[in-house]
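Visitor: Quick one: the structure is below, questions incoming.
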Amino acid sequence: MGIENSKSNINNVDNRPEWVPENGGDEFTTYVMPGLDPESVNAPKVKLAKRKKLSIDDYYNGIINKDITVLSKAITLIESNAPEHILSAQEVLKKILPHTGKAVRIGISGPPGAGKSTTIEALGCYLCKQGLRVAVLAIDPSSTLTKGSILGDKTRMELLSREKNAYIRPSPSAGTLGGVARKTRETILACEAAGYDVILIETIGVGQSEITVRSMVDFFLLILIPGSGDELQGIKKGVVEISDMIAINKADGENIQYANRTKVQYKQALSMLQDATPGWGTKVMTFSALDPKNLGVSSIWTEINNFMEIVKNNGIFYKRRQEQTINWVFSMVEEEIKSRFYNTPAIATIIPDIKQEVLSGDMTPTTAVNKLLSIYYK
Ligand code: GDP
């Protein structure tokens, strides 16, 4: 049907709504379609249950009893920025705190396309088969900008999402890295109280996200692909230093030799660096996340177990967890002060002028700082 034809059809209909102006032209193309008589529709009448607001005890009991729906609601509460939700979330967290801390917390990073999701899926399924319960979280502070999160489109982890002992939660998508990190830390606690044995936290190399993930996990796994160690594959400087294991993925088919060469290069590079965890020499291995026998992910898991045994024996595990908790407190203080400072209207208004004066040389940076602080404390 041509456009002209369809226009004339629209003009001819006599069931145009009453609110179309008398001389309304073709632009008023809406006309009313008769709806279905509700009685004639053969669908069961669903009476919408009024949504019950959960009490702190409901959250507590649900989480402790491994109720996934309640866990998800608790995480939504944790992720909310509404002041009343923040308060309730803190009450829930305080109650569950004695049940937290027992999981192995593992950070996983690597450049896009290295195979993080594929590895997490393979490792997650492997662990579920061993009878373990696995939670997968993500830190992706870029998701606010790109409107999509790394775990948002997790059709990528279809197999794992079908495992009843796996729980996958996309990255909280609001705010600064500090804000996202707080939510993820608290989500870790909720998952631990809900009995997850292994928490996998994925991140991509955005800003400081790897450092942030390192600050909340026991073991940090960096996934790379075969390629020159010198270029560091787009990995930010410093990420190799914080890793407990570098796993070179896609060591399959024609890639195997190439992967082995990459392994040697990273081993050499690491020999000049300090280990990320005292008492544990950072491991470098090759593997294939697509190996149907799961040989790669099973050796990764064996190494993680060896690691946990060593760090529990030498006390580093407990020391690190304590430091992480204390650092968490102070990073939240810094975050809060920073946000209050920049959100003060007088500061926000004067910043462009101050920038201008500093750039034109009329004001020294130190004077600028003093001026801003004096305005803030006024
Ligand atoms: P991510 O961006 O790091 O999460 O990477 P993905 O897990 O989405 O994987 C990126 C691509 O690499 C996908 O097409 C995977 O199928 C492929 N891939 C992942 N692991 C392997 C592997 O071990 N061998 C091969 N040949 N391809 C892989």
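Visitor: Segment 299-378 to segment 272-290: how many Å between their Cα centroids?
Guide: The distance from the Cα centre of segment 299-378 to that of segment 272-290 comes to 29 Å.
Visitor: Right, next: So if each residue of separation counts as 0.36 nm, and I subtract the Cα-Cα distance between LEU373 and THR69, what length gain in nm does that give?
Guide: My answer for the length gained is 104.8 nm.
Visitor: If you take the C-alpha gyration tensor of segment 328-378, multiply each eigenvalue by 5 and take the square root, what semi-axes do you get, largest first, in whole Å? Could you put the intermediate results ahead of the total?
Guide: Numbers: eigenvalues 110, 28, 18 Å².
That gives 23, 12, 9 Å for the three semi-axes.
Visitor: Tell me, how many Å apart are the Cα centres for segment 55-75 and for segment 87-101?
Guide: Their Cα centres are 11 Å away from one another.
Visitor: With N residues in segment 53-99, what two-decimal value do you get for its Cα radius of gyration over 2.2 N^0.38 Å?
Guide: Against the empirical 2.2 N^0.38 Å value, I get 1.01 for segment 53-99.
Visitor: Please list, in chain and number order, the residues 5+ apart from THR286 or on another chain whose amide H is under 5 Å from its amide H, with Hs placed from the backbone.
Guide: ILE248
Visitor: Something else about it: What ranking of LYS183, LYS312 emerges when the number of other C-beta atoms within 10 Å of each C-beta is taken as an exposure proxy, fewest first?
Guide: Working: LYS183 23, LYS312 12.
Fewest to most other Cβ atoms nearby, the residues stand as LYS312, LYS183.
Visitor: What shape does segment 100-325 take by its C-alpha gyration tensor, where a ≥ b ≥ c are the square roots of the eigenvalues and a/c under 1.5 counts as rounded, a/b above b/c as prolate, and the rest as oblate?
Guide: Details: a/c = 1.26, a/b = 1.19, b/c = 1.06.
The shape class here is rounded.
Visitor: Suppose each label sits 7 Å from its Cα in the direction of the beta carbon; what would the GLU158-VAL333 distance come out to in nanometres?
Guide: Here the answer is 5.0 nm between the modelled labels.
Visitor: Under a 5 Å amide H to amide H cut-off, with H placed in plane at 1.01 Å, what residues pair with ILE168 once short-range neighbours are removed?
Guide: When sequence neighbours closer than 5 places are left aside, the close amide H contacts are VAL136.
Visitor: Further question: Within the P(r) computed for segment 268-364, what percentage of the Cα pairs occupies the region above 18 Å?
Guide: In whole percent, the long-distance tail amounts to 72.
Coordinate-derived values only; no laboratory data. Just so we're clear, the structure is a prediction, and the values are computed from it rather than from any experiment. Using ideal geometry, Cβ is built from the backbone for each residue, glycine included, and neighbour counts are taken over all protein chains shown.
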